[in-house]
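**Q** First, the structure itself, so that you have it in front of you.
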């Protein structure tokens with residue numbers, strides 16, 4: 001089992017609220033990722049990080065932001081949640097790009113009312 | 001356009017039976033192909049990875065094949081168990097950029113009935 005943790009697992013919250021989804025890994029991986037996944041659809045990369053103080057936007061445009069102040073921690077923030085943000089958010093980490101497996105957390109299922 | 005297509009979209013089999021899931025891709029240049037298993041409500045877990053020079057890789061009852069010429073891969077599950085019920089996702093990595101971009105299929109939803 002990979003040591004990557006996401007909290008909360010489920011979140012139901014009203015429109016306009018500020019939300020932070022937490023992701024932590026204990027493997028010392030430099031590379032971390034956030035994906036968005038809707039039911040029956042493929043994972044879409046929304047943010048990634050090469051290491052501390054490095055963050056980049058992924059393939060899918062997202063109104064969320066991320067930060068990487070510590071190697072093990074890669075939180076995702078929505079300043080003002082909207083119903084269109086309802087989705088599952090998966091965090092992952094890897095030792096290197098591509099060849100090494102990405103270890104995934106169990107996700108946060110977010111519902112915005 | 002780089003794409004990963006999986007079939008079937010969903011599959012129901014009886015416990016103990018074998019099944020084969022398909023993955024076709026157009027990603028180029030190709031680096032590697034990985035199969036993930038995603039249980040309901042959980043994150044994906046890597047099952048196998050194959051590079052260009054490998055055409056088969058096994059992990060217990062899971063056997064993946066790769067034909068890099070036709071850009072096709074399959075995942076064969078032998079003697080299925082109830083715990084095999086999950087979504088199986090094919091992921092292809094390109095080597096055309098420093099990012100090593102990953103392309104995800106939509107997955108095949110496998111249900112194993114007793």
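The values are calculated or read from the model by the stated rules, or taken from the named source; none is laboratory data. Bear in mind that the values here come from a model prediction, so they are computed numbers and not experimental data. Note that we place each Cβ from the backbone using ideal geometry, even for glycine, and neighbour counts take in every protein chain shown.
**Q** Of the numbered conditions (1) over 10 Å from the mean Cα position of the chain (by Cα); (2) modelled with pLDDT of 90 or more; (3) within 30 Å of residue A:110 (Cα to Cα); (4) crowded, with 17+ Cβ neighbours inside 10 Å, residue B:93 satisfies every one except a single condition; which is it?
**A** (2) is the only condition that residue B:93 fails.
**Q** Out of all the residues in segment A:60-73, is one or more touching a residue at least 60 places away in the same chain (Cβ under 8 Å) and either farther than 20 Å from residue B:44 by Cα or within 14 Å of another protein chain (Cβ to nearest Cβ) (or both)?
**A** no
**Q** Do we find a residue being more than 10 Å from the chain's Cα centre (by Cα), modelled with pLDDT of 95 or more, assigned to a strand (DSSP E or B) and under 26 Å from residue A:48 (Cβ atoms) anywhere in segment B:81-90?
**A** So far as segment B:81-90 goes, yes, one or more of its residues are more than 10 Å from the chain's Cα centre (by Cα), modelled with pLDDT of 95 or more, assigned to a strand (DSSP E or B) and under 26 Å from residue A:48 (Cβ atoms).
Each row is one residue, and each column tells you yes or no for (1) within 20 Å of residue A:31 (Cβ to Cβ); (2) touching a residue at least 60 places away in the same chain (Cβ under 8 Å); (3) within 13 Å of another protein chain (Cβ to nearest Cβ); (4) crowded, with 20+ Cβ neighbours inside 10 Å.
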residue: B:70; (1), (2), (3), (4): no, no, no, no
residue: B:75; (1), (2), (3), (4): no, no, no, yes
residue: B:83; (1), (2), (3), (4): no, no, no, no
residue: B:89; (1), (2), (3), (4): yes, yes, yes, yes
residue: B:109; (1), (2), (3), (4): no, yes, yes, no
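**Q** Also, quick follow-up: Based on this model, can you work out whether residue B:65 counts as under 12 Å from the mean Cα position of the chain (by Cα), at pLDDT 95 or above and more than 27 Å from residue A:90 (Cα to Cα)?
**A** So residue B:65 fits the description; yes.
**Q** Here is a follow-up. Being at positive phi, free of Cβ contacts under 8 Å to residues at least 40 places away in the same chain and within 13 Å of another protein chain (Cβ to nearest Cβ) narrows it down to one of B:60, B:41, so name that one.
**A** The conditions single out B:41.
**Q** Out of the strands (runs of 3 or more DSSP E) lying entirely within segment A:11-113, which hold 3 or more residues that are touching a helix residue (DSSP H, G or I) at 6+ places or on another chain (Cβ under 9 Å)?
**A** It comes to A:108-112.
**Q** Checking the structure you have, find out if any residue of segment A:64-85 is at pLDDT below 95 and closer than 23 Å to residue B:88 by Cα.
**A** no
**Q** Oh, and also: Could you check residue A:54 against (1) more than 27 Å from residue B:48 (Cα to Cα); (2) within 13 Å of another protein chain (Cβ to nearest Cβ); (3) surrounded by 14 or more Cβ atoms within 10 Å (Cβ to Cβ) and say which number it fails?
**A** Just one mismatch for residue A:54, condition (3).
**Q** Do you know which residues across segment B:46-62 are touching a strand residue (DSSP E or B) at 6+ places or on another chain (Cβ under 8 Å) and either surrounded by fewer than 17 Cβ atoms within 10 Å (Cβ to Cβ) or over 28 Å from residue A:89 (Cβ atoms) (or both)?
**A** Passing the criteria: B:50, B:51, B:52, B:54, B:55, B:56, B:57, B:58, B:59, B:61.
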